[in-house]
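What follows is a short report on a single structure.
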Amino acid sequence: MEEKNTVVEPVAENVKRKNISTYGQIVKYTGILGGTQVLTMAVSVVRNKLATVFLGAAGMGLVALYQSLIMFVSNVTNLGLAMSAIKHVSDKQEHDSRENVKGYVAMVRTWIVATALAGTLLCICLAPLLNHFSFRDHGNHTLDIIFLAPMVGFLAVTGGEMALLKAARRLKRIAWASFLCGALTLLSTIPFYYFLKENGIIPALLCSTFLVMCVYVYYTQQVYPWQLLWPSEKVWSQGLNLVRLGVAFILSSVFASLAEWVIPVAILNRASLEEVAFFKMGFSLMVTYPGMVFVALEADYYPRLSAVHRDLHEMTRSVNQQIEVCVMLIAPVLIAFVLALPVVVPLLYTREFLPIVNMAACASIYMLFRGVTLPLAYLPLVKDDLKVYLIVELLYNVFFVALVVGLFSFWGLLGGGVALALTGLLDMLMLLTVFRLRYALVIHRGVVGKILIQGLLVLATILLCLYTEGLVRYSLAIPVLFVSAIYTFDFLKKSTGMWQRIRDKFRK
């Protein structure tokens, strides 16, 4: 009996240490990338403010049109290679030799460069057609689109290099590259806007995207030295596997784009342009800022899950840990953000947008559900189960459109917020059910408990914000925030060894 104990205890201790290490890694990289995202966003706010001053509304509209046009061409022509490369390169790194990984990365780069060149040429050839659909009676911008065509190539290469960094899990490099790109974009665009006004838009966009590409090439070639392959049957066949997964991303983005187009049209048919703007701003506000907690998913979690997806136990453990951390981190952020909405909305926009406060508050629990669904959503991708991936993406967008349009018709903006919350709930239940049947994935009881507790705390905050005001609201809601924050802190202390590391640093 004693011999048995001496064997079991070290194994249990190793498992505990492994769990602490994994939780610590998740929290660490969420903090690093989330913090960098905050800095990048701050730089972006400064850039947009200065650009607005120098270009005016018409100039900013032109920038938005050029960027959306180029992004559309880029998304269609890049074949989704960047996202599929993360999965395949991560898998190769876990199971293949270094030499094989090096050859595979060279193949990925070859395909990406080919799509970059093809996208650039296609943009040049389609410039008259793109001008017609984008500008129509607002002047001929065909030559401008031709000059902007190299941006398609720059964006393709940037996406590929960023994907390779994510696959290698060099998250500190990604964080530094992201911040440096934000700063370089600010420094490279504002002088053009200041001296040349609208005439500086094209050189500013070209210069900034080229510099961003150079930054990512510089950081990535230190991990994977730059190498391209001559076209061959092997390069072609390997690349087709990348394209197969990439096409799923393109179709998924088509579903999302259709949903984003249908909803404003439907709202406009029942309300006004102001209501359309309020809904889009409210949704964007709640998704963008608290959503920074999820920024590490694609960079850290997706490659990590890709590496262990063949082992059911490790895959289940990885998914549960990621959901646990996402929910525990997002909950106090959401509660604090909901309480701050009456102050945040006028600061970011104007007092005219205050009607979005209640809608955004109702939509906040949608983001808590996203803390569960986002880690789950990567499972079909790492399993190459593209049919399931496309079906659940399509169903999500059907829920999204049907609920938003239906409830907005009855309750206006508040109905839109409730619809988002229900969309998140239905999506979570659908994924949990489908993936339990398809992949034998089980969400641990402790994780379910944390989701329920934090969900009830967020829901309590929403109800307080809807039905109370002023001092009564904050005297009741702030204790709810403290309970959520303390619960999260206790979880982090136990699961990551964070408190012990802080104490050790102060002792030194």
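Details
- Segments 245-251, 94-100, 432-438 sorted - mean Cβ within 10 Å per residue, highest first: 245-251, 432-438, 94-100
- Note on segment 244-508: lysine pairs with Cα distance below 21 Å, sequence gap of 8 or more or different chains, count 5.
- Protection proxy ranking of 74-81, 424-431 - average other beta-carbon atoms within 10 Å, highest first: 74-81, 424-431
- Anisotropy class of the chain from Cα gyration tensor, a/c 1.5 cut: oblate
- Relative to the current alpha-carbon distance between HIS313 and HIS444, full extension at 0.36 nm per residue lengthens the span by 46.0 nm.
- Theoretical gain in end-to-end length, VAL53 to ALA485 [0.36 nm per residue, Cα-Cα removed]: 151.5 nm
- Ranking of GLU161, GLU260 by neighbouring Cβ atoms within 10 Å, starting from the fewest: GLU260, GLU161.
- Nitroxide proxy distance, nm - points 7 Å out along Cα→Cβ at TYR218 and LEU466: 5.1
- For the chain, the membrane-span-like helices by this rule, meaning whole DSSP H stretches whose C-alpha atoms cover at least 27 Å of axis and whose Kyte-Doolittle mean is 0.5 or above, are 98-125, 171-196, 201-221, 233-270, 312-348, 356-377, 386-439, 445-467, 470-496; this says nothing about an actual membrane.
- Of LYS92, LYS493, LYS387, the sequence from fewest to most neighbouring Cβ atoms within 10 angstrom is LYS387, LYS493, LYS92.
- Full extension of the chain between GLU94 and LYS493 yields a length gain of 140.6 nm, computed as 0.36 nm times the residue separation minus the alpha carbon distance.
- Cα shape, segment 250-292, gyration tensor, a/c 1.5 rule: oblate
- Oblate is the label for segment 244-508, because the ratio a/c of its alpha-carbon gyration tensor axes (a ≥ b ≥ c) is 1.5 or higher and a/b is not greater than b/c.
- Each of TYR467, TYR194, TYR366, TYR389 was scored by other Cβ atoms within 10 Å of its Cβ. Listed from fewest to most, they are TYR467, TYR194, TYR389, TYR366.
- Sorted on the mean count of surrounding Cβ atoms within 10 Å across their residues, most packed first, peptides 440-449, 151-160, 369-378 read 151-160, 369-378, 440-449.
- Residue-averaged [θ]222 nm for the chain, counting only DSSP H segments that reach four residues, each worth -39500 (n - 2.57): -30500 deg cm²/dmol
Readers should treat all values here as calculations from the given coordinates under stated rules, not as data from a laboratory. Given the structure is predicted, the values throughout are model-derived calculations rather than measurements. Here Cβ is always computed from backbone atoms with ideal geometry, including for glycine, and neighbour counts include all displayed protein chains.
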